[in-house]
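What follows is calculated from the coordinates using simple rules that are stated; it is not laboratory data. Note that the structure is a prediction, hence the values are computed from the model and not measured. For neighbour counting, all protein chains shown are included, and Cβ atoms are generated from backbone atoms with ideal geometry for every residue, glycine included.
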Amino acid sequence: MESIEEMKARAEQAISGARLEIVPNPGPAGQPSLLLDHEHAFAVANFLRADPALRLDYCSNVTGVDWLDRTVKKKVKVKKLVDGVEKEIEETQEEFFPGYLEAVYHVYSIEHKHGPVVVRLRTRDRAEGAPLPSLTPVWRSAEFQEREIYDLYGIHFEGHPDLRRILMWDEFTDFPMRKDYREPDDYEYEPTPHDEVLEKAKQHYAPRPAEDGAEHLAAD
Amino acid sequence: MIDESLKGELQKQGIWVTSMQELYNWGRKNSIWPLQFGLACCAIEMIATAASRYDLARFGGEVFRPSPRQADLMIVAGTVTKKMAPQIVRLYNQMPDPKYVISMGACAISGGPFKQGYNVLKGIDRYIPVDVYIPGCPPRPEALLHAFMELQRKIDGQKLSGASQAEFLKENTPSEYPVPAFGAHDLEPPANLDVFHPPAIERA
């Protein structure tokens with residue numbers, strides 16, 4: 001299979017205006033992925049599927065990721081004038097990355113027996129119902145998995161034929177895999193609470209106004 | 001009621017004496033028809049229990065019914081998700097009295113490894129009364145057989161009349177329980193407090 005750089009160059013050549021980006025993977029897998037832009041995602045996905053050298057005809061997995069806002073601190077050596085003498089000084093710079101929701105597609109070629117190629121789509125922000133173009137019209141197997149991502153992360157896939165909840169019930173309003181999800185307070189008796197469970201248990205202790213102070217006494 | 005020693009003496013002479021209650025319970029406990037449904041991996045152990053190697057038929061429980069109208073026993077075999085719980089309660093409501101429930105495995109008892117998850121019910125006893133609990137993940141077929149024998153013992157001990165009459169014969173004992181509704185964040189209500197009595201939370 002050709003390298004991801006070649007893939008990107010050919011896709012950009014085939015589809016005018018497509019802005020692809022290669023997302024490096026510094027982990028042990030070292031597998032870079034292709035980040036598609038919203039406007040041309042469908043066309044690029046179609047190209048990956050139809051191109052005779054690639055023929056990525058099988059979408060094996062679609063998953064969601066919730067990326068929070070993050071600031072990365074970097075130490076940078078800067079040359080500065082200190083008391084009229086130029087010196088190299090280490091400075092910490094902060095870089096802010098706004099959060100987003102992400103859908104990750106793993107596609108293979110059954111015909112050429114190669115893959116996976118990792119394709120990513122990112123929303124503009126972490127707002128509820130943030131839109132992404134659906135790739136179900138390209139890879140039919142993404143249908144249920146995009147529904148699952150909608151169910152658990154709240155990404156709205158535009159162009160999906162049947163976007164509704166798949167695992168949770170229709171009346172459910174939360175998105176439980178998002179990092180800001182808070183489960184309903186349903187703590188019950190535990191025989192040996194510790195750590196986080198102990199913290200939960202403490203919130204359910206009966207009030208002891210006599211011992212804990214007057215602020216817990218109900219006003220008469 | 002006939003004297004136990006007299007009954008034994010008569011039996012030695014070839015005269016078999018019984019009571020209505022004994023005969024009735026003997027018939028019931030040796031022909032428990034379970035409802036045929038499984039929820040997760042525990043169901044595989046339940047199938048093994050019903051199949052030839054462990055042979056639930058030895059205890060009269062082999063007739064798995066595909067309809068709640070014909071079933072005496074509900075084996076809750078596996079993880080009960082919040083989405084599935086209303087259907088389980090509805091099936092229980094559709095069973096005729098007397099009916100029994102075996103809560104099979106860690107998930108059906110308490111939610112098991114999925115407790116505190118957003119989608120799993122923390123035990124089926126929140127909505128329906130349970131007769132026998134079997135711990136295990138999943139419990140072995142022997143454990144299910146043991147639960148079955150415990151249930152048989154319970155049925156055998158149920159009185160038809162008197163002050164200690166069996167619960168299902170009492171007029172004011174409900175045979176149906178409210179089906180929980182799907183709420184915006186959780187099931188509504190999260191537990192039926194007429195059935196479910198968790199211990200009070202104590203200061204650690």
## Note on the structure
Honestly chain A on the Cα gyration tensor test (a ≥ b ≥ c root eigenvalues; a/c under 1.5 rounded, otherwise a/b vs b/c for prolate or oblate) is just oblate
### Message
Tell me which of A:Ser33, A:Tyr153, A:Thr192 sits at the most positive position along the dipole axis of the stretch A:4-216, charges placed on C-beta atoms (Lys, Arg +1; Asp, Glu -1).
### Response
A:Ser33
### Task
For the stretch A:4-216, build the charge dipole from Cβ charges (+1 Lys, Arg; -1 Asp, Glu) around the Cα centre, then report which of A:Phe97, A:Ile22, A:Met177 sits farthest towards its positive end.
A:Ile22
### Task
Within the stretch A:30-54, which residues have the backbone N less than 20 Å from the label spot 7 Å out from A:Arg140 along Cα→beta-carbon, could you tell me?
A:42-43, A:45-51
### Message
I'd like the orientation of helix B:20-29 relative to chain B: the angle between its Cα long axis and the longest Cα principal axis, in ° from 0 to 90, rounded to 10.
### Response
50
#### Entry: Length-normalised contact order of the stretch A:4-216 in % [C-alpha pairs under 8 Å, at least 6 apart]
15
### Degrees between helix B:85-94 axis and first principal axis of chain B (Cα, 0 to 90, nearest 10)
30
### Task
For chain A, find the longest principal axis of its Cα atoms and tell me its angle to the long axis of helix A:41-50, 0 to 90°, nearest 10.
50
#### Entry: Percent RCO, i.e. relative contact order, over chain B, from Cα pairs under 8 Å lying at least 6 residues apart
20
### Query
In the stretch B:99-204, with Lys and Arg counted as +1 and Asp and Glu as -1 at Cβ, which of these residues, B:Tyr100, B:Pro113, B:His185, has the Cα nearest the positive end of the dipole, that is, farthest along it?
B:Pro113
#### Entry: C-alpha center-to-center spacing [the stretch B:141-176, the stretch B:45-95] in angstrom
17
### Summary
Check: C-alpha center the stretch A:73-142 vs C-alpha center the stretch A:24-45, spacing in Å is 10
